[in-house]
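The values are calculated or read from the model by the stated rules, or taken from the named source; none is laboratory data. Quick caveat, the model's predicted, so the values are computed rather than measured. Here the Cβ is made from the backbone with ideal geometry for all residues, glycine too, and neighbour counts use every protein chain on show.
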Amino acid sequence: MRHSLPVFGLALAFAMALSSGKSIAQDDVELLPDNLLNIKSEAMTEPGKFKKDGPYRIGWSFPGVGNTWIVQMHQETEYEAANNPQVKEFIFSEANWQPAKQVADIEDILTKGVDALIVAPIAFPMVKKQIEAAMATGIPVITFGVSNGAVESDVEIMGAGEYFGEVGGTFLKEKLGGKGTIWAIRGVAGVGEEQLRYDGFRRAIEGTEIKIGAEVFGDWNYAKAKGLCENLVLSGQPVDGIWSSGAEMTRACIEVFQSVGKPLVPMTGEGNNGFFKTWTESGVEAVSPVFTPGLGPAVLRAAVALLEGKSLHRTYFSAPEPLTNADIDKYFRPDLNDAFWVPSTLPEEELQRLFKR
């Protein structure tokens, strides 16, 4: 069993769609290794604009917790902060998916005299005023997510949500021959990343005879999605494929199908070990977009780089090549538990400490 992760290449279709995207050059600051992060904007921050002596106090406002990807992303960021001598204090707040609380969280972080602010908005327009206020103080602001121009920040780092959804939609379109009924298991309603994934899925099936027979929000949560899938299966609604916005929800649906003896249909997943285990054991036809928890350390590294006076590109995106049935044996880690996500920035000893089965 291989325990090291091979390099993920940028999917060709996405590279063509984002013609401004390119690989990180040798002289660029490395925020993530192995082509996990690519440049989307040629524009760069002004060298030395935010330079100050360290170590630094850095704050991050995050939408909320509730799934193992967020837990691991947070763990990886905390590990990076603890092992970076330039980070004096890392303040992480989560808003329990409540926009009003996120506004209050950002305002509270700013009162703590942070040297840089990271914001992963529930919805960008709702925190526009707070981000503008932070930038007006002269500190760098790094946003995590796709703003589509809704707010200004110094650096934007994002997972390619539309590409994520499009990978799954294209897979199902090909497996179903462009016709049939799909159930869409979505994430948390109102979250920008969720909408982008869904938009990419819908775009992929445009012009086909595929119908969406059911559409539910599983909140990227295993337990909730399992209840929703059970209700759909017991209702007897037709289904030829399942598009899912997250791996834990896919795993839940596979287990529901197996528990009632219903034949499996093609499904879309994500780079999660629990899903890989169920995928391997069930033999389901699936595809797995990759959304690395390493994006957490990447935004923290971006904040430190700006404070050190380095110049960064204004926008980066992460869209590694998806995994298929042919790849799964290379990535499944039977020695680690279901909560592990790939690819990780953590060293092997830390993976064993946190995720050993």
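Of the residues examined, residue 291 is not one that is of a type in the set (Phe, Trp, Tyr) and more than 19 Å from the chain's Cα centre (by Cα). Applying the criterion of being modelled with pLDDT of 95 or more and in a loop (DSSP other than H, G, I, E, B) to the residues of segment 246-267, the residue that is farthest from residue 196 (Cα to Cα) is 261.
When segment 255-269 is filtered for residues that are surrounded by 24 or more Cβ atoms within 10 Å (Cβ to Cβ) and in contact (Cβ under 8 Å) with a residue 40 or more places away in the chain, only 268 remains. Looking across segment 277-335 at every residue that is assigned to a helix (DSSP H, G or I) and polar (S, T, N, Q), the one that is surrounded by the fewest Cβ atoms within 10 Å (Cβ to Cβ) is identified as 280. Of the candidates 132, 174, the single residue that is among the acidic types (Asp, Glu), outside any loop (DSSP other than H, G, I, E, B), more than 23 Å from residue 99 (Cβ to Cβ) and modelled with pLDDT of 95 or more is 174. Note on segment 101-124: residues that are over 20 Å from the mean Cα position of the chain (by Cα) and either at pLDDT below 95 or not in a helix (DSSP H, G or I) (or both) total 5. Within the bounds of segment 290-297, is there any residue that is of a type outside the set (Phe, Trp, Tyr), at pLDDT 95 or above and over 21 Å from residue 38 (Cβ atoms)? There is no residue in segment 290-297 that is of a type outside the set (Phe, Trp, Tyr), at pLDDT 95 or above and over 21 Å from residue 38 (Cβ atoms).
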